[in-house]
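The values are calculated or read from the model by the stated rules, or taken from the named source; none is laboratory data. From a predicted model like this one, the values you see are computed outputs, not experimental measurements. Methodologically, a virtual Cβ is constructed for each residue, glycine included, from the backbone with ideal geometry; neighbour enumeration extends over all protein chains shown. Each accessible area value is taken on the protein alone, full model and side chains, heavy atoms only, with ligands, DNA and RNA left out. Shrake-Rupley method; radii C 1.70, N 1.55, O 1.52, S 1.80 Å.
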Amino acid sequence: MTIRIGLIGYGVGGQLFHAPYITASERCELVGIVARSAARVAAARRDHPEVPVFSGMGELIDAGADLVVISTPPETRQALVLEAIGRGVHVVADKPFAPSASAGQELADAAAARGVILNVFHNRRFDTDVVTARSVIASGELGRITRLDLRCDQEDASTLEGGPGGGLLRDMGSHVIDQALDLLGPARAVSAQMDWLELPAGPTDTGFVITVLHRSGAHSHISASKINHLSSRELRVHGELGSYVSDYTDVQFEAVRSGRRPEGARTDWGYETESRWGTLSTSDGTRPIPSLQGDYALFYDRIAAAVEGDGQEPVPALEGVAVLRVLDAARLSAAEDRTVIL
């Protein structure tokens with residue numbers, strides 16, 4: 001059985017992060033795309049000529065979608081999620097799926113009351129570097145994990161959304177905070193500093209440094225920027241018995257941007273080149289750790305399994321709420337110059 005999926009929005013997210021992986025999953029079928037601007041309608045028809053294009057979510061649901069993916073601007077997502085839940089269909093929402101943790105909790109409660117699945121598209125849990133780091137942690141070679149350093153600097157100022165509903169914290173921050181919570185577990189305290197810039201849309205956060213204290217006793221140090229003409233990323237895991245370091249590239253995004261697609265090519269998809277493999281250092285010495293596979297299509301494999309009742313949800317709404325709590329705390333910490341206890 002395949003799950004019939006409708007995609008709402010065909011901007012960068014819909015075109016490069018959702019559609020290629022929906023069509024790559026053998027458990028999913030893309031049955032419709034909602035797009036309104038002439039350019040996006042044309043792009044959807046060019047990329048998926050066999051898939052009908054609709055002007056609204058209602059038409060898409062009426063056409064028989066089992067699940068809708070909401071990849072629209074942040075300020076529109078909460079209302080669309082509620083509408084889809086009200087229609088009784090399952091939902092995957094881009095991050096951040098709500099403007100605050102309390103609003104996210106309302107969406108999670110609404111989905112539970114209606115008996116539908118609501119997941120957040122934290123696809124970067126399936127990044128090659130994070131998948132490999134998760135395996136290193138699970139191997140036990142580092143012993144008790146004490147610290148995680150995550151840095152993600154992008155030279156991509158043109159994609160920074162300005163104003164109160166935008167900013168880098170809610171955008172890239174959603175991803176890197178989710179990675180930290182996925183690797184080291186729930187947060188208990190947050191402190192943060194943020195960089196700001198006055199843009200036409202209003203004051204906008206353009207960079208951040210966040211420290212998360214985890215319930216496990218470990219701590220994460222997370223930073224990102226987007227306007228400083230710097231393109232660099234690094235992941236470091238520190239344990240009592242050693243460390244693991246990698247500076248992988250954004251493997252899957254670069255592949256899609258270059259014109260490649262995972263459909264029919266998943267066996268070889270999402271591996272970092274050997275020259276960029278991470279390094280494990282312990283008392284036994286230092287050795288490279290081969291790249292494991294990153295594959296965003298796994299998100300869709302797993303959401304389809306969950307809808308069919310034979311698997312766990314990849315990123316349940318409550319895990320998205322946990323990320324929003326850290327983002328809310330980071331903003332409060334930076335504004336009031338204090339550590340926020342969760």
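Remark: region 230-241, residue by residue, has Karplus-estimated 3J(HN,Hα) of 10, 10, 6, 9, 8, 10, 10, 10, 10, x, 5, 10 Hz, where x stands for each Gly or Pro and the curve is 6.51 cos²θ - 1.76 cosθ + 1.60 at θ = phi - 60°.
For the chain, what is the relative contact order in percent, using Cα pairs closer than 8 Å and at least 6 residues apart in sequence? Computed value for the chain: 20 percent relative contact order. Tell me whether region 274-342 comes out rounded, prolate or oblate; compute the Cα gyration tensor, take square roots of the eigenvalues as a ≥ b ≥ c, and use a/c under 1.5 as the rounded threshold. Cα axes put region 274-342 in the oblate bin. In this label model, residue 267 and residue 249 are separated by 2.4 nm, measuring between points 7 Å along each Cα→Cβ vector. Principal-axis analysis of the Cα atoms of the chain puts helix 317-336 at an angle of about 60° to the longest axis.
For region 276-342, the relative contact order works out to 14 percent when only alpha carbon pairs closer than 8 Å and six or more residues apart are counted.
Between the helical axis of 74-86 and the longest alpha-carbon principal axis of the chain there is an angle of about 60 degrees.
First check a/c for region 184-342, with a ≥ b ≥ c the square roots of the eigenvalues of its C-alpha gyration tensor; if it is under 1.5, answer rounded, and if not, answer prolate when a/b is larger than b/c or oblate otherwise. Verdict is rounded for region 184-342.
Taking amide H as placed 1.01 Å from N in the peptide plane, residue 34 has its amide H under 5 Å from the amide H of 7, 8, 9, 54, each at least 5 places away in sequence or on another chain. In terms of accessible area, using a 1.4 Å probe and ignoring ligands and nucleic acids, 72, 159 rank largest first as 159, 72. Rounded to the nearest 20, the Cβ-based charge dipole of region 121-180 about its Cα centre (Lys and Arg +1, Asp and Glu -1) stands at 360 debye.
The figure for residue 198 is an accessible area of roughly 130 square angstrom, using a 1.4 Å probe on the protein chains alone. The simple Förster model, with R0 at 45 Å and r as the Cβ-Cβ distance, assigns residue 182 and residue 283 a FRET efficiency of 0.95.
What list of ³J(HN,Hα) couplings, whole Hz, do you get for region 118-131 from phi and the Karplus terms 6.51, -1.76, 1.60, once you set θ to phi - 60° and write x for glycine and proline? Once rounded to whole Hz, the list reads 10, 10, 10, 7, 8, 5, 7, 5, 9, 5, 4, 5, 6, 4. Summed over all non-identical Cα pairs, the Kirkwood treatment of region 121-167 gives a radius of 13.7 Å. For residue 3, the residues whose modelled amide H falls within less than 5 Å of its own, excluding neighbours fewer than 5 places apart on the same chain, are 28, 29. Shape class for region 221-272, computed from the alpha carbon gyration tensor (a ≥ b ≥ c): oblate, with a/c not under 1.5 and a/b at or below b/c. Amide H contacts under 5 Å for residue 147: 219, 238, restricted to partners 5 or more places along the chain or on a different chain, H placed in the peptide plane at 1.01 Å from N. Taking Cα atoms only, the orientation of helix 297-308 departs from the longest principal axis of the chain by about 60 degrees.
Ordering 269, 196 by accessible surface, largest first, gives 196, 269; the 1.4 Å probe counts only protein heavy atoms, with every chain in place.
Expressed to the nearest 5 percent, the antiparallel share of DSSP beta bridges inside the chain is 65 percent. Estimated at 0.36 nm per residue, the fully extended path between residue 215 and residue 310 surpasses their Cα-Cα distance by 31.1 nm. Each peptide in 281-293, 234-246 was scored by the mean count of other Cβ atoms within 10 Å over its residues; highest first, the order is 234-246, 281-293. Residue by residue, region 100-105 carries 3J(HN,Hα) couplings of 7, 5, 5, 5, x, 4 Hz when phi is fed to the Karplus relation 6.51 cos²θ - 1.76 cosθ + 1.60 (θ = phi - 60°); x denotes Gly or Pro.
The charge dipole of region 96-144, taken about the Cα centre with unit charges on the Cβ atoms of Lys, Arg (+1) and Asp, Glu (-1), comes to about 60 debye, rounded to the nearest 20. Relative contact order for region 78-176 using alpha-carbon pairs under 8 Å, separation at least 6, rounded to a whole percent? Averaging sequence separation for qualifying contacts and normalising by length gives 28 percent for region 78-176.
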